[in-house]
Amino acid sequence: MSDIAETRPGRYLFQKADICDAAVVRGLFEKYGIDTVCHFAAESHVDRSILKPDSFIQTNIIGTFNLLEAARARGKEFRLFHHISTDEVYGSLGPVGAFTEETPYRPNSPYSASKASSDHLVRAYHETYGLPTTLSNCSNNYGPYQFPEKLIPLVTLNALEEKPLPVYGDGKNVRDWLYVTDHCEAIRQIMEKGRRGETYNIGGHAEMENIVIVEMICDLVDEYAPSPKGDSRRRLISFVKDRPGHDRRYAIDFKKLHEELGWSPAESFASGLRKTVRWYLDHLPWSERIRSGEYQSWIKEQYGNR
Ligand code: DAU
């Protein structure tokens, strides 16, 4: 793959580069006169951070620091640094309540601790240097093109292939789910209209127990691609050893985003999940490419002993 690709001349440019390389990042900001950043780049999978935290510290903390420094070096020309973060920085909830922007940070995994650290850096650059920033903390995303290490694509593909469906612990951990394009729209609105220096929570109002999602996926795969065995894929559900430090419940209060900017999610979980499962079944070559090589050794290391 070439390191640089221009798909729409003058409007879009892809540059393959490592955000941990400060000199390269700084050079790109100068070369292209970058004045706005929407910072998605991160190591994002909790289980990987438990097995090998190093790259999370490098990419999520040092990488964010390098981007902030490059932005700061642009001086008055720099307009906005938007930082994408996660609800996991707030830790775990009991059976009731929801995270607000005022909830104290209490990260429980190397992943969430690295994201919390990067959030603090962004905040500090606004307070100390006056860098124009916005920050968003979002709940679990799902939809097309999600890497199949995450729950929904992993279970969809395993179900299709009649492989065990690993459910951690008792399967009653709760996540709040947001369809990916709803997240994108929220980010666009925050970047356009959000108050500088502020944080906005983004959520889907779709709290679900993991086991319920896994059962829904089984039923959708059965509907679209009936099992050759003629019965329900729910028989593949396999309760495995829990994730260490597994947060019990997340829920997001996104009143601030709704009241200030008018955003709310457009997709319901049932229709979003249906579209997502259908997408994976229709794009098997995409998943095949992704699931070769390194992915195979990851699955072996992660699920081998559970
Ligand atoms: O809450 C936002 C976060 O959502 C993002 O910041 C993370 O980058 C993203 O990976 C996601 O974190 P989770 O750990 O919640 O997502 P994951 O898909 O790994 O797991 C969802 C739930 O399903 C979680 O409670 C663990 C459980 N799980 C996951 C896998 C991969 C299983 O029971 N079995 C599995 O094999």
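The values are calculated or read from the model by the stated rules, or taken from the named source; none is laboratory data. Quantities reported herein were computed from a predicted structural model and do not represent experimental measurements. A quick note on method: Cβ atoms are made from the backbone with ideal geometry, for glycine too, and the neighbour counts reach across all protein chains shown.
Screening Lys256 with (1) within 12 Å of the ligand (Cβ to nearest atom); (2) farther than 22 Å from Pro166 by Cα gives one miss only, at (1).
Which pairs have Cβ atoms under 6 Å, sit 6 or more apart or on different chains, and link a residue in region 189-211 that is within 14 Å of the ligand (Cβ to nearest atom) to one that is at pLDDT 95 or above and assigned to a helix (DSSP H, G or I)? These pairs meet every condition: Ile202/Ala186; Ala206/Phe269. Out of Pro228, Pro244, one residue alone is over 19 Å from the mean Cα position of the chain (by Cα), more than 16 Å from the ligand (Cβ to nearest atom) and on the phi < 0 side of the Ramachandran plot. It is Pro228. Restricting the search to helices (runs of 4 or more DSSP H) fully inside region 195-306 and requiring at least 1 residues that are within 16 Å of Val155 (Cβ to Cβ) and small (Gly, Ala, Ser) gives 269-282, 284-290. Here Asn108 fits the description: of a type in the set (S, T, N, Q), under 18 Å from Ser49 (Cβ atoms) and in contact (Cβ under 8 Å) with a residue 12 or more places away in the chain.
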